[in-house]
Amino acid sequence: MTPEESAPAPEQSQTNPAIQAAFETIERLRTQIAKAVVGQNDVVDQVIASLVAGGHVLLEGVPGTGKTLLVRALARTFGGDFARIQFTPDLMPSDVSGHAVYDPRDQSFRIRRGPIFAHLVLADEINRAPAKTQSALLEAMQERQVTIEGESHTLPSPFMVLATQNPIEHEGTYPLPEAQLDRFLIKILIDYPTENEEVALLRRTTVDRIGDDLDVTGVEQFLSAENILALRSVSASVRLDDAVALYATKIVRATRDWPGISQGSGPRGAIGLVRFARALALADARDFVTPDDIQRAALPVLRHRIAPSPESEIEGLDADKILAGILQQVPAPRS
């Protein structure tokens, strides 16, 4: 056997072990979350991919579809700090970020940190609070810091916000500001479970159980902050061909002058497509992004970054239908 035949392929020896280890961690995450959440496999996969990509998630669905349960199950797998903020109409910005408190013992002010100072933050029913309070998350989500009494405080790393909201049509809700929506890497629409899933859910929550507590006791903790940062590092190393990067850019640019869209996606849309597509590739144990990954990422990454025109809404065309039309018209690169 010649030295060339005996030597391992450089690319395989350098990338495959890290990719495989990351893939196994993601698979274990799926398994653990499934112990609490019945069905909703696509939703679970997208939340995990966003965690790996280092982005924030907006979950929208009618009450009772498992939004909060999913976030609590994810938090259960993680050994870092977890905080839950219940958004209400009377919630103040300082209730989120924190405030200064006067200490009469030494006649000075000290900072009392709010629940935003956690690795994983559940913003429950975020659209129940007015825009002033919702905007308290803006600096935290983008800069990974908050300002209290003129002083900046760095948030822990990793930091991730998972916000739930009910559809805007429901009474007592407020639309999120566009600037805040743009800070979410993806928006996930949670639909009703299938009939089989609903039967399984019914049995899991009623057999030998009293009340309607969200049971996540079967989910095992196995992730640390260092594990998540390592996953994100591997995801960032997933290869992106120039042709695939151009494809993602063309999709986003098409939203800006597409008929039926009154406001297209900004540059964060293309950045989000690539980040999320890399995480999807990693979840499939691949070290490269394909055009299919970009297409799978398009709806969750862009649906909250475009605004259908009034004419489109009259015709029953929502953001997803418009984006599907764009994906059909923008040619994907050939391998």
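Computed from label points 7 Å out along Cα-Cβ, the spacing between residue 242 and residue 181 is 3.5 nm. Charged neighbours of residue 120, selected by a Cβ distance under 12 Å, balance to +2 (K, R count +1; D, E count -1).
Net charge in the neighbourhood of residue 264 (other residues with Cβ under 13 Å of its Cβ; Lys, Arg +1, Asp, Glu -1) is +3.
Between residue 263 and 307, the built amide H atoms are under 5 Å apart, and every one of these is 5 or more places off in sequence or on another chain.
Principal axis extents of the Cα atoms in segment 86-153, from largest to smallest and rounded to whole angstrom, are 40, 25, 19.
Viscosity 0.692 mPa s, temperature 37 °C: Stokes-Einstein D of segment 16-166 from its Kirkwood Cα radius, in µm² per second? Stokes-Einstein gives a translational diffusion coefficient of 196 µm²/s.
The phi-based Karplus calculation (6.51 cos²θ - 1.76 cosθ + 1.60; θ = phi - 60°) puts the 3J(HN,Hα) values of segment 248-254 at 4, 5, 5, 4, 5, 5, 5 Hz, whole numbers, x for Gly and Pro.
Using R0 = 22 Å, the C-beta based FRET efficiency linking residue 88 and residue 194 works out to 0.10. Entry for segment 11-70 at q = 0.12, 0.21, 0.22 Å⁻¹: log10 I(q)/I(0) = -0.37, -0.87, -0.93, Debye formula applied to identical alpha-carbon scatterers, no solvent contribution.
Calculated FRET efficiency, residue 222 to residue 332, Cβ-Cβ distance, R0 = 35 Å: about 0.40 to the nearest 0.05. Rounded to the nearest 20, the size of the Cβ-charge dipole of the chain about its Cα centre is 480 debye, with Lys and Arg at +1 and Asp and Glu at -1.
Local charge for residue 243 was computed over the other residues whose Cβ lies under 14 Å away, with Lys and Arg +1 and Asp and Glu -1, and equals -1. Computed from backbone phi with θ = phi - 60° and the Karplus coefficients 6.51, -1.76 and 1.60, the 3J(HN,Hα) list for segment 49-61 is 4, 5, 4, 5, 7, x, x, 8, 10, 10, 9, 10, x Hz; x is used for glycine and proline.
A Förster radius of 25 Å, combined with the Cβ-Cβ distance separating residue 81 from residue 285, puts the computed FRET efficiency at roughly 0.25.
A convex hull fitted to the Cα coordinates of segment 236-280 yields 69 cubic angstrom per residue. Residue 174 contributes about 90 Å² of solvent-accessible surface, heavy atoms of the protein only, 1.4 Å probe. Computed from the Cα positions only, the extents of segment 122-171 along the three principal axes stand at 38, 24, 13 Å, in decreasing order. Database remark: amide H of residue 81 closer than 5 angstrom to the amide H of 119, 120 (H placed geometrically; neighbours at sequence offset of 5 or more, or on other chains; Pro and chain starts carry no H). Each of the peptides 312-319, 16-23, 51-58, 184-191 was scored by the mean count of other Cβ atoms within 10 Å over its residues; in descending order, highest first, they stand as 51-58, 184-191, 16-23, 312-319. Rounded to the nearest whole Hz, the Karplus-based 3J(HN,Hα) values (6.51 cos²θ - 1.76 cosθ + 1.60, θ = phi - 60°) of segment 266-281 follow the sequence x, x, 4, x, 5, 4, x, 4, 5, 4, 6, 5, 4, 5, 5, 5, with x at glycine and proline. Summary of packing: across the peptides 113-126, 216-229, the per-residue average of other C-beta atoms within 10 Å ranks them, highest first, as 113-126, 216-229.
For the chain, the normalised intensity computed at q = 0.07, 0.14, 0.15 Å⁻¹ comes to -0.33, -1.21, -1.35 (log10 of I(q)/I(0), Debye sum over alpha carbons, equal scatterers, no solvent).
Charges on Cβ only, +1 for Lys and Arg, -1 for Asp and Glu, centred on the Cα centroid of segment 173-299; of 179, 279, 225, which one is farthest towards the dipole's positive end? Farthest along the dipole direction, towards plus: 179. Compute the Cα gyration tensor for segment 211-335, then decide on rounded, prolate or oblate, letting a ≥ b ≥ c be the square roots of its eigenvalues: rounded whenever a/c is under 1.5, prolate when a/b is larger than b/c in the other cases, and oblate in all that remain. Oblate, since a/c reaches 1.5 and b/c is not below a/b. Report the residues of segment 275-298 in range of a label on residue 24: point 7 Å along Cα→C-beta, backbone N strictly under 16 Å from it. Hits in segment 275-298 for residue 24 at 16 Å: 283-286. Backbone amide hydrogens, once placed in the peptide plane, bring residue 186 within less than 5 Å of 56, 58, excluding anything fewer than 5 places away on its chain.
The values are calculated or read from the model by the stated rules, or taken from the named source; none is laboratory data. The structure displayed is predicted, hence computed values, not measured ones. A quick note on method: Cβ atoms are made from the backbone with ideal geometry, for glycine too, and the neighbour counts reach across all protein chains shown. For accessibility, only protein heavy atoms count, side chains too; no ligands or nucleic acids. Shrake-Rupley method; radii C 1.70, N 1.55, O 1.52, S 1.80 Å.
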